[in-house]
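Reviewing the structure listed below.
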Amino acid sequence: MSTKKRRVGAETPAFVWVGASCALLFLLLPLVGLLKRVAWSGIFGSVTSGPASEALRLSLITSVFATMIALVLGLPLAWVLARIEFRGRSMVRALVMLPMVLPPVVGGVALLGAYGKSNGLIGGWLFDVFGLQLTFSPLGVVIAEAFVALPFLVMAVESGLRSIDPRFEESAATMGLGPSERFWKVTFRLLAPSLIAGVAVAWARALGEFGATITFAGNIEGRTQTTPLAVYLLLESDPEAAYALSFVLLAVCVAVLVAMRGSWMGRRS
Amino acid sequence: MKRFGLMIAVTVLASLVSLMTGITHASPIAEVSKLQGDLTISAATSLTDAFTVLAKQFRKVNKGLKVHLNFGSSSTLVAQIQSGAPSDVMASADLTNLEKLVASGNVVVTPKVFARNTMAIAVKLGNPKSVRSVTDLASLSFIALCGKTVPCGVYAASVLTRAGVVIAETKVTRGIDVKATLSAVANGDADAAIVYKTDVLAAKKTVVGIDIPSAQNVKAMYGIAPIQGSKNPANAKAFIDFVLSEQGWQILKSFGFERR
């Protein structure tokens, strides 16, 4: 293993090493800058203080619900995109991926256009019939987060489904397993690593959501003010708390990446 | 109060001097048109429309100049300048934020007041909730205000205090700046906002303004100052003089600002 590595290294041109080092530095420097600004001695107090702890609690709850929505809706969609041939499939896939590349604020404006109480497509109807107002409500935060997180889950799960060798499922069918049994006993188990990765990435994305949330759900303390929104507002009034919260978000994202690495290693073995 | 008097005296003197130089030189425009290079202006979001026109007019007589406008809430701009963002001029929606720059050494002259603004209530077109006064705001579902620490949020808080109205924080959505706050009413589901009168006027296609009586209202002082250590001090000075000139005032007035 080690001899192989050295041989490959010797063949790598110098500019690749230089470029890769620069890229790594470019990504790491801001993180070091953030860590340097965190007031470690007071971090616990900053994170557990009023608005910060409320924002963390709200973020945790809404992002978990958003991920569940993404999972429940995303799994069937990924299945259709991966396994069923139909006209316009690439078109549908492009539409599904749209929230990934769309500026989140535009996503928020679009959500207002659909679910806004005063001038959304079905928002007024939702309010009149069910008394449901999504804007300025924690449920609105969940919707905004699910909207941007869903494509990440679909993408991870779809590629996972494509990488499963259909012979496993075929042989399960010849053994007499029905479609749903086949799914849970074969497909689901083979899919688990990509499913975990998809859930992790979708959750991280939901947790970090800013633009769509503030545009659609507003910025109400204790109600719709999630951690990224609190970081932005605290940056002016209480920078220490803002850096402490930023560190918490960073730590959570690192944990997600580590967990995903674990799931990929599981797939290899 | 004494300081404001001094400021007005300085401003009057400055305009007199500029007037005199205008008389002594055959063409004042030819003189200012010597300006070269860049000019970066950081200005409060509520100045977006007025300063866009001011900068355009300023560029008309200074064709060699590259003018860059950077809008944001005054406290964000202060943070940017304090962390070294290149800026030649800072125009704030209050004097407190300029004083912060004085305290940090980023401004070494006395900031000049160049305009005043008041607050107004903005509601949706047609005023569906029949809002008539600040008191009516207490009965609405959701109110949009600026962040607690940015000038328009501080002013809105004073208006509410003066009117004796208390609004639960759970009914207040906080915009990241005045435009975002107004947008929560214009495009979102907020019933009303307290923002600058000039912003309500600028958005008259999407919101209706309701005046706040002067007893409950505040006078927002807009201050301007050159940034210490800027690479373009001559450009900064010329632009500040232009803002304080009669032509500059006419532009500000057309956007609803009041005499300094």
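Values in this text are rule-based calculations from the coordinates and carry no lab data. Every value quoted in this text rests on a predicted model; they were computed, and no experiment measured them. When we count neighbours, we look across all protein chains shown, and the Cβ atoms used for this are built from the backbone with ideal geometry, even at glycine.
Relative contact order of chain B: 27 percent, from C-alpha pairs under 8 Å at least 6 residues apart in sequence. Among B:TYR222, A:TYR115, the ranking by other beta carbons within 10 Å of each residue's beta carbon, starting with the fewest, stands as A:TYR115, B:TYR222. Based on Cα contacts under 8 Å between residues 6+ apart, the stretch B:119-211 shows a relative contact order of 48 percent. Relative to its Kirkwood radius, the Cα radius of gyration of the stretch A:64-268 gives an Rg/Rh of 1.04. If you bin all the Cα-Cα distances of chain B at 5 Å, starting from zero, the percentages per bin are 1, 6, 13, 17, 18, 15, 11, 8, 6, 3, 1, 0, 0.
For B:VAL107, nonlocal amide neighbours, meaning residues 5 or more places apart or on other chains whose placed amide H falls under 5 Å from its own, are B:VAL102, B:GLN228. Hull volume per residue, based on the alpha-carbon atoms of the stretch B:119-211 and their convex hull, is 80 Å³. Amide H contacts under 5 Å for A:ILE220: A:GLN225, B:ARG174, restricted to partners 5 or more places along the chain or on a different chain, H placed in the peptide plane at 1.01 Å from N. Restricting the trypsin sites (Lys or Arg not before Pro) of the stretch B:108-180 to loop positions (DSSP other than H, G, I, E, B) with no more than 13 neighbouring Cβ atoms within 10 Å leaves B:ARG132. Distance distribution P(r), the stretch B:178-260, all Cα-Cα pairs, bin width 5 angstrom from 0: 3, 12, 18, 17, 15, 14, 11, 7, 3, 0 percent. As an equivalent ellipsoid, the stretch A:46-153 spans semi-axes of 28, 20, 13 angstrom, where each value is the square root of five times an eigenvalue of the C-alpha gyration tensor, largest first.
Taking amide H as placed 1.01 Å from N in the peptide plane, B:LEU65 has no amide H partner under 5 Å among residues 5 or more places away or on another chain. Applying a length cut-off of 24 Å (Cα extent along the axis) and a mean Kyte-Doolittle floor of 0.0 to the DSSP H helices of chain B leaves B:2-24. The spacing between the stretch A:167-243 and the stretch A:67-122, judged by their C-alpha centroids, is 14 Å. Dipole check for the protein assembly as shown: with +1 at the C-beta of Lys and Arg, -1 at the C-beta of Asp and Glu, and the Cα centre as origin, the magnitude is about 900 Debye. Ranking B:TYR196, B:VAL109, B:GLN247 by Cα position along the charge dipole of chain B, where only Lys, Arg, Asp and Glu carry charges on their C-beta atoms, puts B:GLN247 farthest toward the positive end. Ordering B:ILE121, A:ILE84 by the number of other Cβ atoms within 10 Å of each residue's own Cβ, fewest first, gives A:ILE84, B:ILE121. Only helices reaching 30 angstrom along their own axis (Cα) with mean Kyte-Doolittle hydropathy no lower than 1.0 count here, and for the DSSP H runs of chain A these are A:14-37, A:50-83, A:138-163, A:239-268. Can you give me the Kirkwood hydrodynamic radius for the stretch B:76-169, using every pair of distinct Cα atoms, in Å to one decimal? For the stretch B:76-169, inverting the mean 1/r across all distinct Cα pairs yields 15.7 Å. Charge dipole (Cα centre; +1 on Lys/Arg Cβ, -1 on Asp/Glu Cβ; no other charges) of the stretch A:64-268 amounts to roughly 820 debye. Peptide B:164-175 is shielded by partner chain Cβ atoms: per residue, an average of 4 of them sit within 10 Å of its Cβ. Listing B:THR45, B:THR96 from fewest to most neighbouring C-beta atoms within 10 Å gives B:THR96, B:THR45. Equivalent ellipsoid of the protein assembly as shown: semi-axes from √(5λ) of the C-alpha gyration tensor, largest first, are 51, 31, 21 Å. Loop-located trypsin sites (Lys or Arg not before Pro) across the stretch B:48-90 with a Cβ neighbour count of 15 or fewer within 10 Å are B:LYS63, with loop assigned by DSSP.
Among the cysteines of the protein assembly as shown, A:CYS22, A:CYS253 have no other cysteine beta carbon within less than 4.7 Å of their own.
Treating r as the C-beta distance of B:ALA157 and A:ASN119 and R0 as 45 Å, the FRET efficiency rounds to 0.95.
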